[in-house]
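A.B. asks: Sharing a structure below in structure tokens format, with a few things to ask.
The values are calculated or read from the model by the stated rules, or taken from the named source; none is laboratory data. Quick caveat: nothing in here was measured; it's all calculated off a predicted structure. Using ideal geometry, Cβ is built from the backbone for each residue, glycine included, and neighbour counts are taken over all protein chains shown.
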Amino acid sequence: MRHHKGLKYLLVGVLVIGVGILFSNVGITSAKELTFVYIPPNQSEAWHVATCTAGKMFAKDLGVKLIVLDPRNDPSEQVKMAHDIAPQVDGAVIIPVTSAAYKMAEELKRVKNIPVIVVDRDVPTSAADLYIAFGNRQAGALTAQKIVELLTQKFGKPKGKVQIVTGDLSSVVGQERKDGCLDVLNQYPDIEVVNVVEATKWVAATAQEKMMASLT
């Protein structure tokens with residue numbers, strides 16, 4: 001758990017420093033107090049709460065004002081928030097609820113041509129200046145390799161029935177993680193993928209509810 005939390009803080013530190021680099025590229029000097037906006041999908045899930053807390057800590061250290069908005073997993077609200085906040089900020093860090101929310105990057109650029117960093121979930125637009133994430137397909141493959149290992153321990157060989165629980169499949173991230181998992185599992189003819197459960201809008205409670213329903 002300590003390592004997981006450390007990664008959260010490291011990621012947000014990279015975000016803040018990355019925005020600073022972007023500002024230097026567009027000619028904004030340190031004489032101006034900088035204001036960033038961070039628009040995650042929500043402020044209720046632990047990961048987003050942790051990144052918000054860490055972001056505020058790093059922003060304070062760097063003398064930067066950080067505004068955090070909460071669209072409550074609503075893609076259209078994210079886009080509206082981006083449009084409304086753009087005139088007030090010098091840069092933005094965003095995590096789209098779904099790929100449909102890529103328009104918020106375009107709104108930030110259209111309303112005020114500011115640097116935009118996208119985290120975790122890529123967006124199909126040139127409006128993003130920087131994309132920070134890890135290899136999502138590889139992450140799915142690593143998860144599947146662990147499943148194969150556990151099934152082999154249980155049955156003496158890789159066999160059994162598997163249910164995959166994914167994030168939102170309308171996003172590139174959710175699709176890549178699912179595909180990475182299937183890349184590995186499909187190599188084993190005695191492993192059957194019986195169901196794919198989707199956590200729409202990346203809400204963990206939705207995934208749990210669907211998973212439990214499928215098991216009854």
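A.B. asks: Under the condition of being touching a Gly at 6+ places or on another chain (Cβ under 7 Å) and not in a helix (DSSP H, G or I), which residue from segment 36-67 is nearest to ALA207 (Cα to Cα)?
C.D. replies: Among them, the one singled out is TYR38.
A.B. asks: Say we look at segment 183-196 and pick out the residues that are modelled with pLDDT of 95 or more and touching a strand residue (DSSP E or B) at 6+ places or on another chain (Cβ under 7 Å); which of these is surrounded by the fewest Cβ atoms within 10 Å (Cβ to Cβ)?
C.D. replies: The qualifying residue surrounded by the fewest Cβ atoms within 10 Å (Cβ to Cβ) is GLU192.
A.B. asks: Counting only residues that are surrounded by 17 or more Cβ atoms within 10 Å (Cβ to Cβ) and part of a helix (DSSP H, G or I), which one in segment 68-82 is modelled with the lowest pLDDT?
C.D. replies: Only one residue fits best here, namely PRO75.
A.B. asks: Quickly run through segment 100-139 and pick out the residues that are in contact with a Pro (Cβ under 7 Å, 6 or more places away or on another chain) and either among the small types (Gly, Ala, Ser) or at pLDDT below 85 (or both).
C.D. replies: The answer is ALA100, ALA101, TYR102, ARG121, VAL123.
A.B. asks: Filter segment 44-64 down to the residues that are touching a strand residue (DSSP E or B) at 6+ places or on another chain (Cβ under 7 Å) and either within 20 Å of PRO96 (Cβ to Cβ) or β-branched (Val, Ile, Thr) (or both) and list them by number.
C.D. replies: CYS52, GLY55, VAL64
Quick grid of which residues meet (1) free of Cβ contacts under 8 Å to residues at least 40 places away in the same chain; (2) of a type in the set (A, V, I, L, M, F, W, C); (3) touching an Asp or Glu at 6+ places or on another chain (Cβ under 6 Å):
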site: ASP183; (1), (2), (3): no, no, no
site: PRO189; (1), (2), (3): yes, no, no
site: VAL194; (1), (2), (3): yes, yes, no
site: GLU198; (1), (2), (3): yes, no, no
site: ALA204; (1), (2), (3): no, yes, no
site: ALA207; (1), (2), (3): no, yes, no
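A.B. asks: Sticking with this structure for a sec: Suppose we filter THR125, THR200 for residues that are touching a Phe, Trp or Tyr at 6+ places or on another chain (Cβ under 8 Å) and among the hydroxyl-bearing types (Ser, Thr, Tyr); which single one remains?
C.D. replies: None of the others qualify; the one that does is THR125.
A.B. asks: Does VAL173 satisfy the condition of being surrounded by 14 or more Cβ atoms within 10 Å (Cβ to Cβ), part of a helix (DSSP H, G or I), β-branched (Val, Ile, Thr) and at pLDDT below 95?
C.D. replies: When the stated conditions are applied, VAL173 passes them.
A.B. asks: Would you check which residues across segment 100-118 are more than 18 Å from the chain's Cα centre (by Cα), in contact (Cβ under 8 Å) with a residue 24 or more places away in the chain, assigned to a helix (DSSP H, G or I) and surrounded by 20 or more Cβ atoms within 10 Å (Cβ to Cβ) and list them?
C.D. replies: GLU107, LEU108
A.B. asks: Exactly one of these conditions fails for VAL165: (1) touching a residue at least 40 places away in the same chain (Cβ under 8 Å); (2) surrounded by fewer than 15 Cβ atoms within 10 Å (Cβ to Cβ); (3) among the aliphatic types (A, V, I, L, M). Give me its number.
C.D. replies: Evaluating VAL165 over (1) touching a residue at least 40 places away in the same chain (Cβ under 8 Å); (2) surrounded by fewer than 15 Cβ atoms within 10 Å (Cβ to Cβ); (3) among the aliphatic types (A, V, I, L, M) leaves (2) as the failure.
A.B. asks: Kindly evaluate PRO124 against the criterion of being part of a loop (DSSP other than H, G, I, E, B) and surrounded by 17 or more Cβ atoms within 10 Å (Cβ to Cβ).
C.D. replies: no
A.B. asks: Just for segment 83-99: of the residues that are at pLDDT 90 or above and in a helix (DSSP H, G or I), which one is nearest to SER171 (Cα to Cα)?
C.D. replies: HIS83
A.B. asks: Testing LYS201 on (1) charged (D, E, K, R); (2) within 30 Å of GLY91 (Cβ to Cβ); (3) in a loop (DSSP other than H, G, I, E, B), one condition comes back false. Which one is that?
C.D. replies: Exception for LYS201: condition (3).
A.B. asks: If you don't mind, another one. For segment 25-35, name all the residues that are at pLDDT 50 or above and not in a loop (DSSP other than H, G, I, E, B).
C.D. replies: THR35
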